[in-house]
Each structure stands twice: as C-alpha cells, then as structure tokens.
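Below is one structure, written out as structure tokens; comments come after it.
The values are calculated or read from the model by the stated rules, or taken from the named source; none is laboratory data. For clarity, every value in this text was computed on a predicted model and none was experimentally measured. Please note: Cβ atoms are built from the backbone with ideal geometry, for glycine as well, and neighbour counts cover all protein chains shown. The protein model used for the area step is the full one, side chains on, heavy atoms only, and it has no ligands, DNA or RNA in it. Shrake-Rupley method; radii C 1.70, N 1.55, O 1.52, S 1.80 Å.
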Amino acid sequence: MSRPDADELLLDAEADVRPSPQGVAARRALLAHPVLLLAGIVLASLNMRAALASVSPLVGEISAAFGLSSTATSLVTSVPVLFLGVGALVAPGLARRLGTERVLLGALLLLAAGILVRVLPSVYALYGGGVLVGTAIALLNVLMPGLIKRDFPDRAASMTSVYTGAMIAGATVVAAASVPLERAFGGSWAASLAFWSLLAAVAAVVWLPQVLIARGRTGHEVRAVAGRGAGRRVWRSALAWQVTLFMGLQSLWSYVLIAWMPTIFTDQGMSRSTAGVVFAFNNLIQVAGAFLVPLLAGRMRGQRPLVVLVTSLVATGYVGLMVAPVAGAWLWAAVLGVGQGGAVGLALTLIVLRSGDAVTASRLSGMAQTVGYLLAAAGPLAAGAVHEATGTWTVPIALVLGVCGAALAVGLMAARDRKV
C-alpha cells in the first residue's frame, strides 16, 4: 500500500472547489509576494492558541473579580472550546463563498474584538467574548492548513513546521507573560488579557494586502460533484467516528490542562508566576511530540504503537499531577507536553491516513473538529464542577484518566490500516 508523503498530511477546507482561470491568476499574484504571505501566516498562527493560553494563569483573579464558583469559572475556558466546534461547521462554507484570505482576515478582526469584549466589566461580556474568541480561532484552525497546502504545495512540510511552531510559540510566550504583564499593568488582569488583542490586530493589518490581491479569486470557483457523497459517507462510517472520538478525547484532556494546570499547582502552594512558567514550558515541549509523531505515523501501516505511546504519556503525567504536583511539576509538564503534542499530531494524521481521497479527508476533518471540540468543551466544565463538589483535584484527575482509557480504546480501532 502506498503511504502519504509528509506534504499530504495536510487538509484543504476547499478541497472540493475547482478554481476558475480568474482564481488561478489571483493565486499567482498572491505567490508573487511570498515574504508578505509568510509574515501573514506566521502572525496569524501566533494567535491560534494565544487567546486561550492567556486566561489560564489568571483564572483565579478572574474568578475573584466576578465572584465565580469553580463551575462558572470553568465556563471561561469551556465556552471558547465549545465554539471551536461550532465554528468548524461554518468555516469551509465561508471559505468557498468568500475566499480563504477574506475569511482569515475576518477571523483575526473577530479575535481582536472578542479579546477586548472579554475584559469588559460584565460577566456576560466575559462569556460573550469567549464565544467570539472561540469562533475566530475555529476559522483559523480549519482554514490555515488548507491555505498552506494550496499555496505551498512543494514546501508544504516545511511550511507546516513554521505554522505549527508559530502556533505553539504564541501559546508559550503568552502563558509565560500573562502574570508579569498583570503586574506591569498595576495588578490588572483585564489589561493583561486585553494586551493580546494587539497581536491579532497586527496580524490583521499584515494579512490585509493578501485580501486585496486575492479579490479576483472569490466568487468564481465551483463545487466539485464528488463532495456530497463523501460528506454522507463519513457521517455513516464507524471508522470515521473512531477517528473523531480519538480527536475529541485527546482534545478534552488537553483543554482540561489549558484551563486548570496553573490552578492545580497554585492550589498546592506554588506561586502564580512559577505556575505560569511551568505551564508555558508544557506548551513549548509539545513541539517535540507534534513534530515527531506524525512523521512516524506516516511511515507505518498501522499506528497502534503510537496510540499506546501518547495515551500512556498523558496518563503518566496526570498521575504525577495527582500524587506529587509541585515536587515533580517540571517532569509532569514535560511528559504531558510530549504526550499532548504527539496526540494532536496523531489525531490530525489519522484523518488523512484513514481517508481515501482529498475530499473525504476534508469532510472527515470537518466532522472530527466539529464533534471533537464539542466533546472537548465538556472537559474544563466537568473538571471545575467536580473540583467544586469535592474540594480536591484527585477526583477530576481520576476522571481524566478514564478519558485516557477511552481514548486508548477508540484510538486502537482508528489506527488500523483501513479507509473510510
């Protein structure tokens, strides 16, 4: 059986769109400015996790400011994740109708607005801003891989490294800087969060020329007939649901950490600044797993050993957080980071490896991201509610270990050498 090249491990949200001559000409005009396009991709990618990572080190101050319970506090991180799934539903349609460049620009502007709305002195704005942030990041998540595949077909693997590296770097820097920024702004958590709207605004400004150059491309493409059958097929496939559930369960354990890792440390006596740095280190170390695991997966007929590896690493890290959270903080952050990065890389790779063609891969990607993020949104909320009810992190972590077991079961089925 032929195995996909590294360049094929990318999904195109417009895979079932056939460009017109006008579209081809506009695309060539875009590629005539590769430095500008590369700068736009890097800046957009920096924003793809930053707005989520900025909240976690400050969640205690946000909770105190509004008098929130643990359950209500968990909604601060759960609401954006929920709308990662909702946004994934509409992203391909918007890209086909308006063009990827225009939708990405709108997503960056929406992200900047959502970050600012989130810091208004109202609990409704706090959650409403989360809706805007989640929707914006969903559009970036779904459309960026396809744009890279479309515009850099001969350098897709290297460009993917650039894009994923920038994404993780953004989360790392933001997580490490949130508490120091709060102190620099006189103890204002709102100012610390609002600061990152500038990052989205700058990315939007740099992206604007791409929209102007691409104006001739939108409105001319036509849908390929094959798309409809592929869409029906994936939703009726047991294998597609196995891939989707693995995507969702690995997202769930990651978003629990995004929401609560610093709090787990500070509840055990660690300083907020140190907890923020450990959390940033966890984000940084994810690069290793995200880079290596997909490369290994693409060279294997079946990926079961990798499923066992990443779920075991994550489970080990969670056990460490349960038994010695402060004493082994750096070790658990590293183990979890490799497991988290490897799991998300494997989940995305399985989408392509289990797909027989580009259109099926695009449809399976939409299904996996939509259902997966909707499932993942329950993680931070459930962990916060159980922590509030029990007064300890032992039970929530034990429940996440159950999630690891479920991910192992569905992952072993999804990793078989079969096609949707």
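What the table shows:
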{"item": "Förster radius 30 Å - calculated FRET efficiency between Ala409 and Ala65, Cβ distance, rounded to 0.05", "result": "0.15"}
{"item": "Between 0 and 90°, nearest 10: helix 329-353 axis offset from the chain longest Cα axis", "result": "20"}
{"item": "Choice from Ala389, Ala361, Ala53 with maximal GNM fluctuation in the chain (Cα, 10 Å cutoff)", "result": "Ala389"}
{"item": "Tensor-based shape of the range 52-190 (alpha-carbon gyration tensor, a/c under 1.5 rounded, otherwise prolate or oblate)", "result": "prolate"}
{"item": "Share of alpha-carbon pairs per 10 Å distance bin for the chain, given as whole %", "result": "5, 23, 34, 25, 11, 2, 0"}
{"item": "Solvent exposure ordering (accessible area, 1.4 Å, most first) of Arg299, Arg363", "result": "Arg299, Arg363"}
{"item": "222 nm mean residue ellipticity, helices alone, for the chain (DSSP H n ≥ 4; -39,500 (n - 2.57); rounded to 500)", "result": "-27000 deg cm²/dmol"}
{"item": "Solvent-accessible area, 1.4 Å probe, carbon plus sulfur percent, for the chain", "result": "68"}
{"item": "Solvent-accessible area per residue for the chain (1.4 angstrom probe, square angstrom)", "result": "37"}
{"item": "Gap separating the Cα centres of the range 266-302 and the range 70-138, nearest whole Å", "result": "24"}
{"item": "Fluctuation leader among Pro80, Pro325, Pro180 - the chain, Gaussian network, Cα springs under 10 angstrom", "result": "Pro180"}
{"item": "Fraction of alpha-carbon pairs over 18 Å apart in the range 43-126 - percent", "result": "49"}
{"item": "Cα gyration tensor of the range 327-368 - equivalent ellipsoid semi-axes, whole Å, descending", "result": "32, 8, 5"}
{"item": "Solvent-accessible surface (1.4 angstrom probe) belonging to Lys419, in square angstrom, nearest 10", "result": "100"}
{"item": "Spherically averaged projected area of the range 260-357 from its Cα convex hull (nm²)", "result": "6.4"}
{"item": "Value of relative contact order over the chain, rounded to a whole percent, pairs C-alpha under 8 Å and six or more apart", "result": "28"}
{"item": "The range 363-420: radius of gyration and largest Cα-Cα distance (Dmax), Å", "result": "14.7, 46"}
{"item": "For the chain, built as a Gaussian network whose Cα springs stay under 10 Å, the top-fluctuating residue of Leu364, Leu353, Leu331", "result": "Leu331"}
{"item": "Dipole of the chain, positive end: most advanced residue of Ala398, Val256, Pro92 [Cβ charges, Cα centre]", "result": "Pro92"}
{"item": "Cα-centred dipole magnitude for the range 94-176, charges only on beta-carbon of K, R (+1) and D, E (-1), debye, nearest 20", "result": "200"}
{"item": "Computed over the range 61-218: relative contact order in percent, which uses C-alpha pairs under 8 Å that are six or more apart", "result": "30"}
